[in-house]
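**Q** Okay, handing you the structure first.
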Amino acid sequence: MIKSGYFIKLLTSIYLTIKLKDSTHHYMTIRNRKNLLLLILLLTVIILSYFYFFRLDLTTDKRYSVSSQTKNLMEKIESPLEVVVYLDGDLNPGFQRLKKSTVELLEELSVYAGKNISIKYENPSLADSPEEREKRYTQLMNNGLTPTAVYERDKEGKSIQKIIFPWIEISSNGKKIPVCLLKNILGNSGAENLNISIENLEFEITDGIRRLVNKDVKKIAFLEGHGELTEAETYDISKSLSRYFQIDRGTLASNAAVLNDYKVVIIAKPIKPFSESDKYIIDQYIMNGGRVLWLLDGVRISKENLSTIGLSPAIELDLNLNDQLFRYGIRINSILLQDVQCASVPVNIAPANASPQFEPTPWYFAPLLLASPEHPVSRNITEVRSEFCSGIDVVGNNKQVDYQLLLATSDNTHIIGTPTTIDLSQKIKENDKTYFSGAYVPVAVSMEGIFDSDFANRMTPKGLANTTPTLKQSVRTRQIVVADGDIVRNEVSRKDSASIPLGFDRYMNQQFGNKDFVQNAVLFLADNDGWMQLRSRTIKLRLLNKKIISEDRLFWQLTNVLTPLTLLLLFGIGYQIIRKRKYTRNQSVK
């Protein structure tokens, strides 16, 4: 409430305004009445602004606005949050912009949190000695904060390397969550990556806050029992998802309600057919609003034969799921895709009995899939590495389901039908347009809407417990289908059985977007509050013309310095002229 002292001061100001005398010793001239009305209006605005909080964002892309769910989140914050910004020190203009946007967003969040956020700045490179600096770097890296090397050129053209930490650390009640601010997408310029990073700030920061304060942990499950990927082969993605969910693994058995408590079910590269009972449990789970991430191969091959004799038959992988997926509006075609845009593998080109000499060779069966920029799952991630992937078709005419493309091959794709034999000795030229004649074959699709049950007009399989009347149509829910199970598989070292990060190619020494894609897919499926839509935010990149800046540097510097001074001088001269004329006119009236 407003204290009584404020009202006393305001009433005193009004009284003095009324009692003011002008030069002719008359009370309350018309000009004084106008001043009084303005004062009353100002007083009204002050009182209303005290009780009603609002902010206006006049930018075209609403870059200073936050979503309604973010406002609700911050209003529910109970314990104070402390944020340490490590992006500090001598930064180039691009990173200065990223820091400025980060601080502005944090200050905006603190307003809705009731000043419940304190912000501190720390420059990791600021140290008394190089040893102290290295010690600090090591400490931050052990906490999961990886540095970024920035290369710049000074005025003399010399290259300068700077180590920065584009991270913030959010802590509350003794718990800390690091948040990476920088998105580094291969193929993008530095300015584009920084702009993408700014677009994702609200999602990344609120994601860290939600993980910090969330007390209701949802459960997800990896299905087993059909030859799915092992726990070691899914260790890296499980580790990432464990920050958000409780993760279980297990078979379906005979309990029809076994999946009811899980928000998302992941089916990762099965190789054995599903029984009718298993299909029924999954189907009714979906009908009740369950979400499923299908990661399925369309073709069966033998990698052992390929590595030993260079030949392997390629036949359709029958998982007994075709009818069920078809009912949902999706068909995984039993084809293999080759692509010019692909990963590389080392091949020994040395003659027989000579020392091995390995040379990187395109592995056309490992396409680097393009991510759709239109969907929050695939937006702003780098290419996704696949291996022996198949294609997807949307079938049926269910108008209640929205299908959106997530991943696709490039415009230089070759489609291999099955059954066939894969021969690694086949010579392929990447510039052969007659061979690579396909384009943008879908490999991953998102489905959202109301699905028809595969068991709508069928008997319930025998032997199931805890069954309920079969639902013929689902509530509104989501599914994602990927026609390659290897997208979620991380390699396991043969030496020490350690898991290699998902999406990391040891031969190319490059990190692809597999982990980001799968993690986003699960978060999207589990999202009921629209948090993933924050990843769709777009801020227009307005770049300066570097050529003009270099050639006309002095002109623009003088313009920026002199223009405000000139305008200020003209305003002062004009004001004095108007004031003098007004004074002269008043004297003549008297």
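The values are calculated or read from the model by the stated rules, or taken from the named source; none is laboratory data. Source: prediction; values computed, not measured. Positions of Cβ are backbone-derived with ideal geometry, glycine not excepted, and every protein chain shown enters the neighbour counts.
**Q** So, in segment 256-277, how many residues would count as being part of a loop (DSSP other than H, G, I, E, B) and crowded, with 16+ Cβ neighbours inside 10 Å?
**A** So the answer is 8.
**Q** The conditions are (1) in the same structural domain as residue 380 (by TED's automatic domain parsing); (2) of a type in the set (A, V, I, L, M, F, W, C); (3) over 30 Å from residue 319 (Cα atoms), and residue 223 fails exactly one of them. Which is it?
**A** Here residue 223 meets the rest and fails (3).
**Q** Turning to a different aspect of this structure: Out of 481, 443, report the one residue that is in contact with a Cys (Cβ under 9 Å, 6 or more places away or on another chain), outside any loop (DSSP other than H, G, I, E, B) and under 21 Å from residue 324 (Cβ atoms). Break it down stepwise before answering.
**A** Details: 481 fails: in contact with a Cys (Cβ under 9 Å, 6 or more places away or on another chain).
443 is the lone residue from the list that is in contact with a Cys (Cβ under 9 Å, 6 or more places away or on another chain), outside any loop (DSSP other than H, G, I, E, B) and under 21 Å from residue 324 (Cβ atoms).
**Q** Give 543, 554 a once-over and let me know the one that is hydrophobic (A, V, I, L, M, F, W, C), modelled with pLDDT under 80 and exposed (fewer than 10 other Cβ atoms within 10 Å of the Cβ).
**A** The unique qualifying residue is 543.
**Q** For segment 350-435, which fully contained strands (runs of 3 or more DSSP E) count at least 1 residues that are of a type outside the set (S, T, N, Q) and either outside the structural domain of residue 480 (by TED's automatic domain parsing) or more than 29 Å from the chain's Cα centre (by Cα) (or both)?
**A** Details: elements: 358-371, 392-394, 401-408, 413-417, 420-423.
The qualifying strands (runs of 3 or more DSSP E) are 358-371, 413-417, 420-423.
**Q** May I ask you to list the residues in segment 239-255 that are over 26 Å from residue 317 (Cα atoms) and surrounded by 17 or more Cβ atoms within 10 Å (Cβ to Cβ)?
**A** 241, 244, 245, 247
**Q** Collect the residues in segment 68-101 that are part of a helix (DSSP H, G or I), closer than 20 Å to residue 180 by Cα and small (Gly, Ala, Ser), keeping them in residue-number order.
**A** 94, 101
**Q** Same structure again: Just wondering, is there one or more residues in segment 241-254 that are farther than 23 Å from residue 516 by Cβ, modelled with pLDDT of 95 or more and aliphatic (A, V, I, L, M)?
**A** Scanning segment 241-254 turns up no residue that is farther than 23 Å from residue 516 by Cβ, modelled with pLDDT of 95 or more and aliphatic (A, V, I, L, M).
**Q** Under 6 Å between Cβ atoms, which residue pairs at least 6 apart in sequence (or on different chains) link something in segment 172-194 that is assigned by TED's automatic domain parsing to the domain that holds residue 383 and part of a loop (DSSP other than H, G, I, E, B) with a partner that is surrounded by fewer than 19 Cβ atoms within 10 Å (Cβ to Cβ) and modelled with pLDDT of 90 or more?
**A** none
**Q** Right, next: Given the conditions (1) in the same structural domain as residue 194 (by TED's automatic domain parsing); (2) at pLDDT below 65, and given that residue 30 satisfies all but one, which numbered condition is not satisfied?
**A** The single condition residue 30 does not satisfy is (1).
**Q** Those residues that are modelled with pLDDT under 95 and among the charged types (D, E, K, R), I need them from segment 419-451; list them, please.
**A** Residues satisfying the conditions are 423, 427, 429, 430, 432, 433.
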